[in-house]
Amino acid sequence: MHLIEVRDVYKIYNPGENQVNALDGVSITIDEGEFVAIIGQSGSGKSTLIQHLNGLLEPHNGKVILDGEDIWTKENRKKIRQVRFAVGLCFQYPEYQIFEEDVYKEIAFGPKQMGLDDAQIDERIRKSMEFVGLSFEKYSKKSPFDLSGGQKRRVAIASIIAMEPKVLILDEPCAGLDPKGRDTILNLIKEYQSQMGNTVLFVSHSMEDVAKLCKKVIVMN
């Protein structure tokens with residue numbers, strides 16, 4: 001059984017005269033533990049596709065299946081929050097979505113929504129900060145807005161990792177970073193997938209980055 005199946009999915013924006021078929025009969029399969037790149041020109045539907053994989057968008061037609069279950073059946077609609085915890089999505093320029101007053105609270109937000117207790121949340125924050133190379137003692141009480149662009153990006157990724165998703169999706173995680181910051185993020189992602197063995201989806205325009213990291217490539221036309 002595949003971990004993720006997308007079966008003949010259509011997504012339409014602006015139905016009618018100015019209709020745009022953002023996804024036009026897309027079908028893909030992704031297995032547990034795979035490291036998969038999603039590439040394609042701007043406007044090819046990459047971001048639209050990944051927002052279907054964790055239930056942020058609902059297809060007009062077709063099915064999105066996670067762990068053998070269609071996430072949009074009547075029964076599963078009630079559990080769509082659980083899908084979003086299982087499939088963690090880090091948007092492009094995630095630092096623009098940072099909002100908490102310190103790094104600790106920023107990373108804690110997701111685990112709190114999962115209903116974890118304070119001890120579990122603290123453990124996950126420490127673990128995820130260590131993983132992305134940010135000292136807990138040095139950075140946990142700092143405002144994320146005072147950090148460098150690369151550090152903010154790492155905080156944003158840590159906030160997703162702290163939820164321990166089965167699937168980690170990263171939308172252009174190196175966009176806008178200088179070469180050093182880009183290398184740091186790429187190494188972090190590679191190490192995460194190697195250590196955790198989780199499924200990782202990596203949306204990118206850079207074939208160089210894709211070639212370094214991924215074993216499988218999905219090309220959006």
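The values are calculated or read from the model by the stated rules, or taken from the named source; none is laboratory data. Only a predicted model underlies this, so the values are computations on that prediction, with no experimental measurement involved. Reconstructed Cβ throughout: ideal geometry from the backbone, glycine too, with neighbour counts over all protein chains shown. Side chains included, ligands, DNA and RNA excluded: accessible areas come from the protein's heavy atoms. Shrake-Rupley method; radii C 1.70, N 1.55, O 1.52, S 1.80 Å.
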- prompt: If you check residue 128 against the conditions, is it open to solvent by less than 40 Å² (accessible area, probe 1.4 Å) and polar (S, T, N, Q)?
  reply: yes
message: Give me the helices (runs of 4 or more DSSP H) completely within the range 33-104, filtered to those with at least 1 residues that are more than 22 Å from residue 214 (Cα to Cα), open to solvent by 20 Å² or more (accessible area, probe 1.4 Å) and in contact with a Gly (Cβ under 7 Å, 6 or more places away or on another chain), ordered by residue number.
response: 80-86
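Anything in the range 105-119 that is surrounded by fewer than 20 Cβ atoms within 10 Å (Cβ to Cβ), of a type in the set (A, V, I, L, M, F, W, C), within 18 Å of the chain's Cα centre (by Cα) and part of a helix (DSSP H, G or I)? List them, or say none.
The answer is 109, and nothing else.
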- prompt: Among the residues of the range 131-145, which ones are open to solvent by 40 Å² or more (accessible area, probe 1.4 Å), modelled with pLDDT of 95 or more and part of a helix (DSSP H, G or I)?
  reply: 137, 138
message: Just to be sure I understand, how many residues within the range 190-208 are among the hydrophobic types (A, V, I, L, M, F, W, C) and within 13 Å of residue 34 (Cα to Cα)?
response: 4
- prompt: Do you know which residues across the range 187-215 are surrounded by 13 or more Cβ atoms within 10 Å (Cβ to Cβ) and either of a type in the set (Asp, Glu) or not in a helix (DSSP H, G or I) (or both)?
  reply: 191, 198, 199, 200, 201, 202, 203, 204, 205, 206, 209, 214
